[in-house]
Amino acid sequence: MKSKKNLVFLGMMGSGKSSIGSLVAKKFKLNFVDVDKEIEKNLNTTIRKIFETKGEEYFRKIEQKITLKKLKLSSTVVSLGGGAFANKNIRNEVLKNHYSFWLNWNEKILIERIKNSKKRPLTINATDNDLIDLIKKRTNIYSKALYEIKCDNLTKNEIVGKIKEIYETN
Ligand code: S3P
């Protein structure tokens, strides 16, 4: 991948977008941007607080604005928030102008990872069934990504290795 396109990581909460994304950036000597962190920096508060005080709709507007702004960078690894790719404007931009990687895990692993998370507003009062529904809905959307990485049974390094293979052969 020798173009200036960004490498965009997407997938469910708990799929490792930030941790894998930053490892990939280090390996390829690219800059790394975590959009959730950018939102928190911009508003000087946590995502949980934004949801609590201003609501999800407000969060989604800010998320769109900051994600589209960060996507204007080039040759950068960008990890999206779990819901960002469900936004049509973000999705169209990612699909048209960047390389997208969906970190796909089976739902059991994801649920184990996210169900007790206190910092993720969508999981705080969610039952396992709510999370299963969300994963199903999101899977349809994430599957539009250019590359799907099947992560089950792989270590972080193996996942990075798979991405490296794609990176080097495209
Ligand atoms: C969300 C995922 C979160 C964060 C917000 C909403 C979602 O990001 O953007 O809590 O809708 O799936 P992570 O996927 O980084 O946890």
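Miscellaneous remarks
- Order of Y58, Y99 under a 10 Å beta carbon neighbour criterion, fewest first: Y58, Y99
- GNM result for the chain, Cα springs below 10 Å: residue of G16, G55, G83 fluctuating most strongly: G55
- Size of electric dipole in the stretch 13-56: Cβ of Lys, Arg +1 and of Asp, Glu -1, about Cα centre, debye, nearest 20: 260
- Rg(Cα) / (2.2 N^0.38 Å) computed for the stretch 7-168, rounded to two decimals: 0.99
- Between S79, N97, S117, the Cα set farthest toward the positive side of the dipole of the chain (charges on each charged residue's Cβ, about the Cα centre) is that of N97.
All of the numbers you see were taken from the coordinates with simple rules; none came from a lab. Computed from a prediction, not measured in an experiment: that's the story for all the values here. Ideal geometry is used to build each Cβ from the backbone, glycine not excepted, and the neighbour counts take in all protein chains shown.
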